[in-house]
Amino acid sequence: MPLNNQTPTYPQLDANLLQLDKPARYLGGELGSVTKDWGKVDITFALAFPDVYEVGMSHLGSAILYQVLNDTPWIAAERAYAPWPDREAQLRVAGEPLTSLESGHSLADFDIVGFSLQYELCYTNVLTMLELAGIPWRAAERDESAPLIVAGGPCAFNPEPLADFIDCAMIGDAEEAVIELCTTVRDSRASGEDRHVLLQRLARIEGVYVPSHFAVSYHADDRIAEIKPLNPEQPQVRRRVLADLDTAPFPCNPVVPFLRTIHDRVTMEVARGCTRGCRFCQAGYIYRPVRERQPDTIRNLIEKSLRHSGYDEVSLLSLSSGDYTAIESLVQSLMTCYADQRVAVSLPSLRVGSLTPELMEEIKKVRKTGFTLAPEAGSERLRKVINKGISEQDLLDTAKDAFSLGWRLIKLYFMIGLPTETDEDLAALVDLAARVKATSRGTEGGGAVNVSASTFIPKAHTPFQWDAQISTAETIRRQNFLRGALTRKKLKLKWHDAHASFMEGVLARGDRRLAPLLEEAVRQGCRFDGWREHFNWNTWMTAFETVGLDPDWYLRQRQPGETLPWDHIDAGISKDFLLREKQAGLLGKETPDCRHGQCTYCGLCDFEEVRPREADPDPLTAASSIPAVQATEPSTDSFKVRLTLRKAGRTTAISHLEFMTVIHRAARRAQLPIRYSGGFHPAPRISFGDALPIGVSSEAELVDLELTEPCTPADTLARLNRELPEDIRILTAEDWPRKGPSPGASLASATYQVPLPENSPGDLDQRLASFLAAGEVIATRLKKNRPIEVDLRPWVIDLRCDGKHLEMVMASGSPIFLASYLLELGTEAVRTLGIRKTGITLKELESGSNDTLSP
């Protein structure tokens, strides 16, 4: 069965990436990514996410802006993520800059670099990314050739810790404002204006904050004396509000990563904003008012997104998905459309009381996604203080329904350190968790409960913004109290690191005087502070000492009349309203949701453009225009197609698991009638051969597809090739016996071609002959970081060398390790040589002799 003799050329792969933990983070070229000719656009925009690729690729806001910007013909938007420490070390050693994934340009080459600030503990990554791109940290030190540095996201509602590093910030919704910003930059450049004039133009855009247009002074006791606007006509910067979510852009053709990300699914924003009024929740105040998409809009967007992505799960995203007006009819419609395709529907943010048994029954039809409830506080008293609006009985009833419907694990989320919390409230938390577990009694299989407790951090623009944050010592004491009490109830506790929560509080409540601290922390090596394995408390304390700041001062109680660092940022909620809510909390008074009662006069809505917009409660039609990807129950009708694939170019850097994911998603996009397994977690019946090591390309990877109805090999090949990345091609397709051997069981041998490095052993021919003549060849390799001895001789059928290449014919084993042994090179060095699987030999089938595949 001859294969195509012509080996195509592929985008050059940086061999250094093969030595990294996850090289697929840095490849680019994913399905849905956009690369424009820089010579044909006016503005280049780097969407910089200050966290690792898997986290950034899960962020819906970045995906929306990527589409909004690239849908504009004269703008080229590209992506960049914080490199993991192993990649950062490579860049520094090589003296290479941090680049975008699409074109490989340094961030310093872009007109605009926009950072999405989702979490305060990513601030050190912002400075690291700037430094790696050769961009000066401080805005005042950058010249006219430097890109405009922009920040946005929820942390931009207190941008002051980063004020000295950014040129401007977008406050609020960015879908419209980002195009206005790009237009202003283009027009300013066309007029030949300098950056000072550009910033004056940008400040006139609603929602754009320019830190250099405000001067901050301090009292002798370090409190802020004044935040003085240098332009008296703009004393505050008003948050930008997207009036209508239903007509807003949505990325229906998303970038589909090679590797699995944190949220590996279609994420559908069904609503933005929440007016429940939980007094601790910053998102509930800065994203008001509630704006819902219409059900038919949601359905159409989901259809397109599933078709273009190949995902098998849809997440209905909002601050409280269960509060969406048409949630039951929406979920029922989606289940009707997609249950046969084995597409799961998840609701990641559910309020106790918003879930009905009927809704839960719909969700479990495909597979039971995670079931998480967030009481936040253990006692009824404390839940009234924070205006949570749920009772203990509501929680117990919901938990009982979940266990009765088949869920076996419930996760409960609480906070410790809430205003007025006492040990009695902590004891009530333990008792509540135990009572939730007790609701599983009598259900089939019983149930378990996991408890998670995070430390409350008073955030800007909330009623609790004046409150103190508990110390690390008190946090640890309360964690120990809970851990001991829950253990006695046979319950497990997960908790947030007390020191990391402390630092989050400092940065969330900080001012411009934290700039030297961030610089010093980065110099001392702080990176990825939101990751437990990288957060270093001692380094941060050293940095505080070096710059002469007292970290505890930032977590203190603030007085109602005190000027707060973010007072010049107008989130749309009046300070008087926040103070009234703070007082109501201390009195244990609840404030009703304004969606279902009277206006609470928070100050945001003008009731013309900016107002609550609820979805039509009418049920959806159940029809779906997507041709169904058949997933019938096992039957006697089953068909198999065997594929032989080429895997080359950048895809040599993806792991076997990632390769499997690429094929699975391509089969869904191709709408092939794939058979699925049964059970709560159905999986596509697609079989693969032995794992190909990272760094090895192949001309002969075998994959078997099990189908529920006949599909010609030619049609299967054509449909899949249309959906696969250019570096993966199906070379041949053939019908395969239903009970024929799997790809792994079919293989008799595989041939690998290894380019010889310059420092190859001089006696290589003799080494090969000795190897083949030996009865056994014992070598030591690491397995799970432990040395083990293996006999390499049974792996090998033949070895040959032509002076340029080593050819290894193998029955089994790792070509990387074998080549490492024969060439006396480390495995990581061998991985970069460009090893290629050139052909395979199949075992005899009942109907014939060996079948050799080779180019």
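The figures follow:
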{"quantity": "Residue under evaluation Pro232, criteria (1) under 37 Å from the mean Cα position of the chain (by Cα); (2) not charged (D, E, K, R); (3) not in a strand (DSSP E or B), criterion not met", "calculated": "(1)"}
{"quantity": "Test: residue in the range 101-111 that is at negative phi, aromatic (Phe, Trp, Tyr) and open to solvent by less than 10 Å² (accessible area, probe 1.4 Å)", "calculated": "yes"}
{"quantity": "Pairs, first at negative phi and modelled with pLDDT of 95 or more in the range 431-451, second crowded, with 21+ Cβ neighbours inside 10 Å and assigned to a loop (DSSP other than H, G, I, E, B), C-beta under 6 Å, six or more apart", "calculated": "Leu432/Gly378"}
{"quantity": "Top-ranked residue in the range 560-579 [being assigned to a helix (DSSP H, G or I) and free of Cβ contacts under 8 Å to residues at least 40 places away in the same chain; ranked as most open to solvent (accessible area, probe 1.4 Å)]", "calculated": "Asp576"}
{"quantity": "Residue selected from the range 669-708 under the condition polar (S, T, N, Q) and within 17 Å of Pro743 (Cα to Cα), by the criterion surrounded by the fewest Cβ atoms within 10 Å (Cβ to Cβ)", "calculated": "Ser687"}
{"quantity": "Odd one out for Gly484, checked against (1) crowded, with 18+ Cβ neighbours inside 10 Å; (2) among the small types (Gly, Ala, Ser); (3) outside any loop (DSSP other than H, G, I, E, B)", "calculated": "(1)"}
{"quantity": "Test: residue in the range 304-316 that is modelled with pLDDT of 95 or more and among the aliphatic types (A, V, I, L, M)", "calculated": "yes"}
{"quantity": "Filtered residues of the range 487-514 (kept if of a type in the set (Asp, Glu) and either outside any loop (DSSP other than H, G, I, E, B) or open to solvent by less than 10 Å² (accessible area, probe 1.4 Å) (or both))", "calculated": "Glu504, Asp511"}
{"quantity": "Tabulated pairs, the range 296-325, first closer than 22 Å to Leu259 by Cα and among the charged types (D, E, K, R), second open to solvent by less than 40 Å² (accessible area, probe 1.4 Å) and in a helix (DSSP H, G or I), C-beta under 7 angstrom, 6+ apart or interchain", "calculated": "Arg307/Arg669; Asp312/Arg668"}
{"quantity": "Qualifying positions in the range 739-749 - over 37 Å from the mean Cα position of the chain (by Cα) and touching a residue at least 60 places away in the same chain (Cβ under 8 Å)", "calculated": "Gly740, Pro741, Ser746, Leu747, Ala748, Ser749"}
{"quantity": "Lone unmet requirement of (1) over 30 Å from Val270 (Cα atoms); (2) hydrophobic (A, V, I, L, M, F, W, C); (3) open to solvent by less than 40 Å² (accessible area, probe 1.4 Å); (4) out of contact with any Leu (no Cβ under 6 Å at 6 or more places or on another chain) for Val210", "calculated": "(4)"}
{"quantity": "Helices (runs of 4 or more DSSP H) wholly inside the range 358-463 containing at least 1 residues that are over 30 Å from Met503 (Cα atoms) and within 30 Å of the chain's Cα centre (by Cα)", "calculated": "392-404"}
{"quantity": "Considering residues of the range 408-430 that are more than 19 Å from Ile390 (Cβ to Cβ) and modelled with pLDDT under 95 only, the residue least open to solvent (accessible area, probe 1.4 Å)", "calculated": "Leu409"}
{"quantity": "Any chance Gln557 is among the polar types (S, T, N, Q), closer than 26 Å to Gln465 by Cα, outside any loop (DSSP other than H, G, I, E, B) and open to solvent by 20 Å² or more (accessible area, probe 1.4 Å)", "calculated": "no"}
{"quantity": "Hits in the range 292-339 - residues which are touching an Asp or Glu at 6+ places or on another chain (Cβ under 7 Å), open to solvent by 10 Å² or more (accessible area, probe 1.4 Å) and not in a loop (DSSP other than H, G, I, E, B)", "calculated": "Thr297, Leu317, Glu328, Gln332"}
{"quantity": "Hits in the range 450-470 (condition: polar (S, T, N, Q) and either in contact with a Pro (Cβ under 7 Å, 6 or more places away or on another chain) or open to solvent by 50 Å² or more (accessible area, probe 1.4 Å) (or both))", "calculated": "Gln465, Gln469"}
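The values are calculated or read from the model by the stated rules, or taken from the named source; none is laboratory data. Just so you know, these numbers come straight off a predicted model, no measurement behind them. Reconstructed Cβ throughout: ideal geometry from the backbone, glycine too, with neighbour counts over all protein chains shown. Heads up: the accessible areas ignore ligands, DNA and RNA and are worked out on the full protein's heavy atoms, side chains in. Shrake-Rupley method; radii C 1.70, N 1.55, O 1.52, S 1.80 Å.
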